[in-house]
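The values are calculated or read from the model by the stated rules, or taken from the named source; none is laboratory data. Worth saying up front: this structure is predicted, and the values here are computed from it rather than measured. Cβ coordinates were reconstructed from backbone atoms using ideal geometry, including for glycine residues, and neighbour counts include every protein chain displayed.
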Protein chains: 2
Amino acid sequence: MNGAETLLRTLLNNDVNVCFANPGTSEMQFVAALDRHPEMRGVLCLFEGVATGAADGYARMTGRPAATLLHLGPGLANGLANLHNARRARTPLVNVVGDHALSHKALDSPLESDIEAAAGTVSSWVRRLGAVADIGPGAADAVAAALSAGVPDPTDASDPSRTGASGAISTLIVPADLSWSPGTPPAPRRAPRPPRAADASDMARAVELLTGPEPAALLIDGAGLTESGLHAAARIQKATGTPSFCPTWPARLRRGAGVPHIQPLGYRAEAVASQLSGVRHLVLVGAREPVASFAYPGRPGVLTPRGTTVHRLVPDTGVDVLAALTELAEAVAPGVPAPAPVRAAPVPPADEELHTGNWAQVIGALLPQEAVVVDESITEGMDTLAPATADAPAHDVLGLAGLAIGQGLPVALGAALACPDRPVVCLQADGSALYTISALWSHARENLDITTVILNNRSYAILRAELERTGKGPIGPAATALLDLGRPDIDFTALAAGMGVPATRARTTAELAAQFAAALATPGPHLIEAVLRPV
Amino acid sequence: MNGAETLLRTLLNNDVNVCFANPGTSEMQFVAALDRHPEMRGVLCLFEGVATGAADGYARMTGRPAATLLHLGPGLANGLANLHNARRARTPLVNVVGDHALSHKALDSPLESDIEAAAGTVSSWVRRLGAVADIGPGAADAVAAALSAGVPDPTDASDPSRTGASGAISTLIVPADLSWSPGTPPAPRRAPRPPRAADASDMARAVELLTGPEPAALLIDGAGLTESGLHAAARIQKATGTPSFCPTWPARLRRGAGVPHIQPLGYRAEAVASQLSGVRHLVLVGAREPVASFAYPGRPGVLTPRGTTVHRLVPDTGVDVLAALTELAEAVAPGVPAPAPVRAAPVPPADEELHTGNWAQVIGALLPQEAVVVDESITEGMDTLAPATADAPAHDVLGLAGLAIGQGLPVALGAALACPDRPVVCLQADGSALYTISALWSHARENLDITTVILNNRSYAILRAELERTGKGPIGPAATALLDLGRPDIDFTALAAGMGVPATRARTTAELAAQFAAALATPGPHLIEAVLRPV
């Protein structure tokens, strides 16, 4: 047994048994060790941003971290944007970054760079291993740290959807010479620190607000957006009239028929102002206070309206969000059942050219039970997807919590590996898809049931809207050229075919419906390029 | 005029007139300003790693920095790997990274991250602008800093090939509120610090060594690898018998008919040991001491053989490499002309299935005069490309100095924009191509004369070799799966077509020759997928 095997076996002892890898020379011992431990599933990704996004998707669906295997500083750098997203999604994740042998560091060889500095921008926990004896404890600590920010116990099988990820990113830097040296015994499972209960005085104050005379609302995130959490919120609303909101694109949200509805805050500040108008008290339950994604001249960055007081019942990490929400429901709605809304199933729209206003209705009308919906539809879906799918069969939605584009296809990869019995539907904006397009190849290699719908409006539509908001008058040709994805048009069916994913193109709602139904009915990955009327 | 326009006009005043952009909301003012200043060419890249690699390629061919326009920390992160390569290539480059407005920073909105930490891993100079009055001076300082590491004066037109880049990376962080505020006048051109001359005592010592009785060799990099530098090295060799070497994959190297030959050091330690065997003194001229790319158990990382003493005539930055090499030639070879080798032009190989041993001969036989050859052929070219092209018409070769794969297609983009009258040939390994494949779309949009040859051996061939070097016995299925790029095979002709680049596939030397000649004869970008016998 060498050091790489000590590392691999310690990860297995700590229930990490998937590794999304884009290895290099300094990770070859770990790669070789995979042949001696088939219980660790190695998944090749052709770009590190695919590996980190896939690990994010995997943990959002299982509550357990996957490992990534990354090559030195540049390999980590390529994975940073999706690690940023994972950090914002509070996903537990363990990066294993191979580094040069200790004796080699001082030579400043070509790939040498400051790994710690890069890792620190996304990780809650970073450790460079210094000796073989550190490998086992270091790897066990890395997993425990990833899980010690308030993740519910994943062994609690009473509610499978309870495993909404709430963790952090650990990065373990492994010098090559430790990997090839004789190993020490692997470390056993280290129990992560369990989440705390909400503070009793915060709870009393929340009860007082919700039962008091002034209008209040809840803003819920994390495990509060599981089916159990949403039932608790619905009971609270029935008993006290308190509405609940969630972030625009939460890391994971339960939605659909039989699931109590929750209203996502709008992406635009104007929308949030309208939604929170008249709310006197906003109680945060595992959520952060809503802020604008970007500043604009003369507009406030904090979205809570003037006159609304913000109260934190549960911080966004370290506290069991679901337990707190349930306790709150018991306190203000004892014996009150959650309402069971019976709503009409969505119907497909009339056949017409695809545009922003109708594509999501097709998805909503055909979405299968227990789908995992990866939502990076951005402009095309920000106002349309939630209403169109609210009464579709119950499903989970994984959103772009960190706003760094290019997460959709990789997150779908990880979610599909985590849930082999559930269909994965990836709703993917065109511009964003190109950041990590090679994820399609991994969809094909792993033969996963992922149906990707590319929402092709041939522009960075959100930036066109932003440019218009600068108020600089008509957009000229030079600026247009930087926001327009035409000239040449990108043929996503050719890109998919080149990566081994069968693909079709839809221009009308009927074509999209037929192709979407066919893709769902046929095992393996598929891609549908939905050509939308330009925004 | 707003702050964004102050920035743009200051860059123009400092001869930065190309901007490779993947903008976001915080850069919209800069994008809008482009319409008022068509003398700044904005080039849209669909991924930040394309933008940074293109800026690298542009500066390698012009000696002048291009700007990148990147969106916040995640946008910079996506560009880091190719910035790492640019740093190792000593390329002058100016990153403009938009950030949140100052008032917005404290809100920790979704895209907030530590930009300085990420920028510091690749930049010699990082500055966050704090006030509108800082914009002009800050931008001028950024350009000067990028050029103050010993770049020859780009206005010296006496030898166009003299502008071998030798610079550094500057990163300017621009809060959005400064961009939208009323601007101050742009700053004028700031002259970069000129490079120093070599130290007189170092020069005297080098003269003594080269004319002394013990075997010596030169290791040359930077502007020493221009045609002028290679002539000086050839004169030195003729007068003193001192051979010259260069790094395996230098940032830029002049090669071909009429150009004195220089021997690249091999990629493998064994090859270098053989090349330097018997050399008593190794004199560094703008080069760093050769070290192995990676450490291996029980092998030295420094490649200079035991018994060889290393002397630094010219450090790798800050000193005029070409002037020093010329001075050395004048001292040891006064009046000695460079030999003018007359060698036979390369002939194409017999028609046969393509493999490692013959593809480069096809390229060598058909390479046009003054081609710019971007070499990311890695395993397929490391032993074959230099000999196959040594007697092709004179050309420049841009190599993977930083070893972070995924630079080839972006560097070709930048080089083609820099040299619109020269054909660009991009020799691109298959696995590496996928890191930044969307560069092909920019090749098409800008309608550039780039012929890309994908060397498709359907594996991470270099890693298979590395895994074999771990000496762990036969490679098992799990490890094989992480190094093999088949299952499914990737169809690069489909990927190219999807991005708007016409593509063909070659399986034999005759097919490659016919397709390569046709691509060179037809304006605009082309891609040839050369399917090679697996390594």
Q) Can you tell which of B:Ala287, B:Ala329, B:Ala338 is closer than 26 Å to B:Ala232 by Cβ, within 14 Å of chain A (Cβ to nearest Cβ) and not basic (Lys, Arg)? A) B:Ala287
Q: Among the helices (runs of 4 or more DSSP H) lying completely within segment B:414-523, list those that include at least 2 residues that are facing chain A (nearest Cβ under 8 Å).
A: B:439-445, B:461-469, B:477-481, B:492-498
Q. All but one of (1) touching a helix residue (DSSP H, G or I) at 6+ places or on another chain (Cβ under 7 Å); (2) of a type in the set (D, E, K, R); (3) part of a helix (DSSP H, G or I) hold for B:Glu208; which doesn't?
A. (1)
Q | In segment B:328-384, the residues that are charged (D, E, K, R), surrounded by fewer than 20 Cβ atoms within 10 Å (Cβ to Cβ) and either outside any loop (DSSP other than H, G, I, E, B) or not assigned by TED's automatic domain parsing to the domain that holds B:Tyr460 (or both) | A | B:Glu330, B:Arg343, B:Asp351, B:Glu352, B:Glu353
Q | All positions within segment B:59-73 that are in a helix (DSSP H, G or I), closer than 24 Å to B:Leu129 by Cβ and of a type outside the set (A, V, I, L, M, F, W, C) | A | B:Gly73
(Q) So for segment B:80-89 (the condition being buried (at least 24 other Cβ atoms within 10 Å of the Cβ), more than 9 Å from chain A (Cβ to nearest Cβ), under 19 Å from B:Ile135 (Cβ atoms) and within 30 Å of the chain's Cα centre (by Cα)), does at least one residue qualify? (A) no
**Q.** Filtered residue count, segment B:25-37, keeping only those that are more than 7 Å from every other protein chain (Cβ to nearest Cβ) and buried (at least 24 other Cβ atoms within 10 Å of the Cβ)
**A.** 3
Q. If we keep just the residues of segment B:103-129 that are more than 30 Å from the chain's Cα centre (by Cα) and either part of a helix (DSSP H, G or I) or more than 7 Å from every other protein chain (Cβ to nearest Cβ) (or both), which is nearest to A:Val302 (Cα to Cα)?
A. B:His104
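I'd like to check something: does segment A:313-324 contain any residue that is of a type in the set (D, E, K, R) and within 14 Å of chain B (Cβ to nearest Cβ)?
yes
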Q. When B:Leu147 is evaluated against the numbered criteria (1) more than 9 Å from every other protein chain (Cβ to nearest Cβ); (2) modelled with pLDDT under 95; (3) touching a helix residue (DSSP H, G or I) at 6+ places or on another chain (Cβ under 9 Å), which criterion, by number, is the only one it fails?
A. (3)
Q: Answer yes or no as to whether B:Thr6 is buried (at least 24 other Cβ atoms within 10 Å of the Cβ), over 26 Å from B:Cys419 (Cβ atoms) and either in the same structural domain as B:Ile405 (by TED's automatic domain parsing) or not hydrophobic (A, V, I, L, M, F, W, C) (or both).
A: yes
Q) Can you find even one residue in segment B:38-54 that is at pLDDT below 95, facing chain A (nearest Cβ under 8 Å) and assigned to a helix (DSSP H, G or I)? A) no
Q. Only one of (1) among the acidic types (Asp, Glu); (2) closer than 20 Å to B:Thr379 by Cα; (3) within 19 Å of the chain's Cα centre (by Cα) fails for B:Glu270. Which number is that?
A. (3)
Q) If you take the residues of segment B:481-515 that are touching a residue at least 60 places away in the same chain (Cβ under 8 Å) and of a type in the set (S, T, N, Q), which of them is nearest to A:Ala444 (Cα to Cα)? A) B:Thr508
